[in-house]
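The values are calculated or read from the model by the stated rules, or taken from the named source; none is laboratory data. These numbers come from a predicted model, not from an experiment. All Cβ positions, even for glycine, are placed from backbone atoms using ideal geometry, and neighbour counts span all protein chains on display.
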Amino acid sequence: MTTTMITVLMLFFQTTLGAPQTDGPFNLFNAESGIRQELARWVSGGRLYDTNNRKCAGVSGKTEGSTLVYSDCDEKSDLQQWQCSNNTLLTLKGQTLYLHINDNNDLVLSRDTGPRSRWIISGTTDGPCSRTHRGYI
């Protein structure tokens with residue numbers, strides 16, 4: 001009975017307060033290019049928030065080659081909403097366009113799902129999709 005109670009209490013605290021390993025800011029890293037994006041955090045509406053410049057990551061359009069831009073967070077903007085695919089691919093919501101590093105090392109949208117579109121959390125083998133959405137902006 002005591003073990004069950006402790007387990008339930010631990011799950012409650014992790015759910016309520018956020019488990020340290022799945023919550024909070026993280027650095028995105030693309031192993032193929034060696035590019036690292038600074039501190040990001042999942043926030044409401046499927047958006048990625050850059051904790052350094054206090055802006056949300058979005059794109060300039062919904063077409064292949066559209067560039068990554070940072071702007072004031074807008075939960076209604078479909079250009080700032082991201083989804084996860086296969087844990088390491090960041091997809092513009094409702095599209096088959098992925099955050100990709102092109103040959104000029106620019107961050108753009110692409111249909112390519114190869115290594116230059118795969119992201120992990122720096123220092124781990126976990127994809128950004130392993131982190132929980134905690135912030136509300």
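Each row is one residue, and each column tells you yes or no for (1) of a type in the set (Phe, Trp, Tyr); (2) part of a strand (DSSP E or B); (3) surrounded by 16 or more Cβ atoms within 10 Å (Cβ to Cβ).
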{"position": "76", "(1), (2), (3)": "no, no, no"}
{"position": "80", "(1), (2), (3)": "no, no, yes"}
{"position": "99", "(1), (2), (3)": "no, yes, yes"}
{"position": "116", "(1), (2), (3)": "no, no, yes"}
{"position": "123", "(1), (2), (3)": "no, no, no"}
Exercise. Among the residues of the range 61-74, is there at least one that is over 16 Å from residue 128 (Cα atoms), at pLDDT 95 or above, of a type in the set (A, V, I, L, M) and not in a loop (DSSP other than H, G, I, E, B)?
Worked result: yes
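Quick one: in the range 54-74, of everything that is more than 18 Å from residue 26 (Cβ to Cβ) and among the aliphatic types (A, V, I, L, M), which residue is surrounded by the most Cβ atoms within 10 Å (Cβ to Cβ)?
First pass over the range 54-74, keeping only residues more than 18 Å from residue 26 (Cβ to Cβ): 58-67, 69, 71-72, 74.
Next, from what is left, pick out any that are among the aliphatic types (A, V, I, L, M): 59, 69.
On the way: 59: 23, 69: 15.
Filtering first and then ranking leaves 59.
Those residues that are in contact (Cβ under 8 Å) with a residue 24 or more places away in the chain and either among the hydroxyl-bearing types (Ser, Thr, Tyr) or loosely packed, with under 14 Cβ neighbours inside 10 Å (or both), I need them from the range 38-53; list them, please. Give the steps one after another, and end with the answer.
Start the filter on the range 38-53 by keeping residues that are in contact (Cβ under 8 Å) with a residue 24 or more places away in the chain, which leaves 40-49, 51.
Answer for the range 38-53, where residues must be in contact (Cβ under 8 Å) with a residue 24 or more places away in the chain and either among the hydroxyl-bearing types (Ser, Thr, Tyr) or loosely packed, with under 14 Cβ neighbours inside 10 Å (or both): 44, 49, 51.
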